[in-house]
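Have a look at the structure that comes next, please.
The values are calculated or read from the model by the stated rules, or taken from the named source; none is laboratory data. The shown structure was predicted, so the numbers you read here are calculated from the model rather than taken from an experiment. Every residue, glycine among them, receives a Cβ derived from its backbone with ideal geometry; neighbour counts consider all protein chains shown.
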Amino acid sequence: MRDSDVRRATIAMLRDLHSGDTDTSIVQEMGVWSGSVRIDIAVINGELSGYELKSDRDTLDRLPLQADLYSRVFDRVSLVVGKRHAEKAVASVPAWWGVLLASEKDGAVHLRQKRRGRRNPGQDPYLVAQLLWKDEALSVLETIGSASGWRSKRIKAIHQHLADTIPLSQLLDYVRAALKRRQNWLGQTIPDQGNMPIDAKLHPRF
């Protein structure tokens, strides 16, 4: 069971889950920590959810660092893991992460919920702000009437200013809106995804 097989099954699941949503974007390889680390799949709508994939052929060497960074940024995170690494991988991620087990049968990968996820109990405003590119960050400052004097500043200073001056819940709203508008991702946006508010009833599935 390869990473590409697990990825294909996860994308199919997410497309089915959000079928008809007109306010949902599904993005592969979304950059975190100024793009230096990329989560395998991100779902952007009323929340920012990440999916990290670990097939039986993967190693878990990077998982502790990934878990730390993703836990500072995403509203929700789910680990999709093959049987070979399941026990060790689950022990390496926070208890609020959701866990989906990937298994192969008759040439197809099947996903089964092992642990239902919960909302992130604590995000880092600065790392959340870092998801914004400079033009997006300046647009947020313009929206709140605070762009004067900041256009020539370094992006790190702008991110810190956003983190210091905007309440986290509001900052998350601005960031999610900017990500949904973004067109030229380094990764690919999954086609045929629209934009529709997320249905809170869907979350218990994870």
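Please enumerate the residues belonging to region 137-167 that are of a type in the set (A, V, I, L, M) and exposed (fewer than 15 other Cβ atoms within 10 Å of the Cβ).
Selection gives 144, 157.
Could you tell me whether residue 44 is buried (at least 19 other Cβ atoms within 10 Å of the Cβ) and either touching a Cys at 6+ places or on another chain (Cβ under 9 Å) or under 15 Å from residue 180 (Cβ atoms) (or both)?
yes
Please find, within region 86-136, the residue that is surrounded by the fewest Cβ atoms within 10 Å (Cβ to Cβ) out of those that are part of a strand (DSSP E or B) and touching a Gly at 6+ places or on another chain (Cβ under 7 Å).
Here the residue is 115.
Conditions (1) buried (at least 16 other Cβ atoms within 10 Å of the Cβ); (2) within 18 Å of the chain's Cα centre (by Cα); (3) aliphatic (A, V, I, L, M), marked per residue:
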{"residue": "62", "(1), (2), (3)": "no, yes, no"}
{"residue": "66", "(1), (2), (3)": "yes, yes, no"}
{"residue": "76", "(1), (2), (3)": "yes, yes, no"}
{"residue": "83", "(1), (2), (3)": "no, no, no"}
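Given the conditions (1) of a type in the set (Gly, Ala, Ser); (2) modelled with pLDDT under 95; (3) touching a helix residue (DSSP H, G or I) at 6+ places or on another chain (Cβ under 9 Å), report the number of the one that residue 145 does not fulfil.
(3)
Further question on the same structure: Could you check how many residues of region 1-34 are surrounded by 18 or more Cβ atoms within 10 Å (Cβ to Cβ), of a type in the set (Ser, Thr, Tyr) and within 22 Å of residue 106 (Cα to Cα)?
Number of matching residues: 1.
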